[in-house]
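One structure is given below, encoded as structure tokens.
The values are calculated or read from the model by the stated rules, or taken from the named source; none is laboratory data. Because the structure is a prediction, the values reported are computed rather than measured. Backbone-built Cβ (ideal geometry, glycine too); neighbour counts: all protein chains shown. Just so you know, the surface numbers come from the protein's heavy atoms only, side chains and all, with ligands and any DNA or RNA stripped out. Shrake-Rupley method; radii C 1.70, N 1.55, O 1.52, S 1.80 Å.
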Amino acid sequence: MSFKDINEVTDRHLHIIWTNADPVTSENMVMMYAKNSMLNGWWDKVTVVLWGAPQKLIFENESVQAEMELARDAGVEFSACSSCANNLQLTEALEAEGVEVIRWGQKLSLLLQNGKHVITL
């Protein structure tokens, strides 16, 4: 997700900041909730932000890859922290997978400061 102004983020847009590389948490919370949120209309938009270790996990775990594809098919968007991606040397691989790679520090701060809907795990 990229936006110039915090007001471009709707009140029914959920951001899930995913920092945990546990595949069980990935499948049973991150992907399950993100996918079902879109399929059931709980949120108008869901963006999962891969921050750190999950950037590696999506390339190492076929089950997580499959769940991510199902979530994407349901309309979930994926973005990644560019600093983490650069540190892990995964920027090109993430972009090739259709994951937006952008700077997330300031954007996350703006979301939190403006009371937007954010889950972090």
Can you name the number of the only condition in (1) over 16 Å from Leu121 (Cα atoms); (2) surrounded by 16 or more Cβ atoms within 10 Å (Cβ to Cβ); (3) modelled with pLDDT of 95 or more that Gly75 fails? (2)
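Based on this model, can you work out whether Gly105 counts as surrounded by 14 or more Cβ atoms within 10 Å (Cβ to Cβ) and under 21 Å from Asp11 (Cα atoms)? Talk me through it step by step, then tell me what you get.
Numbers: surrounded by 14 or more Cβ atoms within 10 Å (Cβ to Cβ): no; under 21 Å from Asp11 (Cα atoms): yes.
No; evaluated as a whole, the condition is false for this residue.
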For the range 71-120, which fully contained strands (runs of 3 or more DSSP E) count at least 2 residues that are on the phi > 0 side of the Ramachandran plot? none
Whether any residue in the range 29-46 is assigned to a strand (DSSP E or B) and either over 13 Å from the mean Cα position of the chain (by Cα) or within 26 Å of Arg103 (Cβ to Cβ) (or both) is what I want to check. yes
List, please: which pairs have Cβ atoms under 6 Å, are six or more places apart or on different chains, and start with a residue in the range 70-97 that is under 25 Å from Trp42 (Cβ atoms) and end with one that is of a type in the set (S, T, N, Q)? Glu77/Thr47; Ser79/Thr47; Ala80/Gln55
If we ask which residues in the range 28-62 are open to solvent by less than 50 Å² (accessible area, probe 1.4 Å) and without any contact (Cβ under 8 Å) to a residue 60 or more places away in the chain, their number turns out to be 19
Has the range 50-64 got at least one residue that is at pLDDT 95 or above, closer than 19 Å to Leu121 by Cβ and in contact with a Lys or Arg (Cβ under 9 Å, 6 or more places away or on another chain)? no
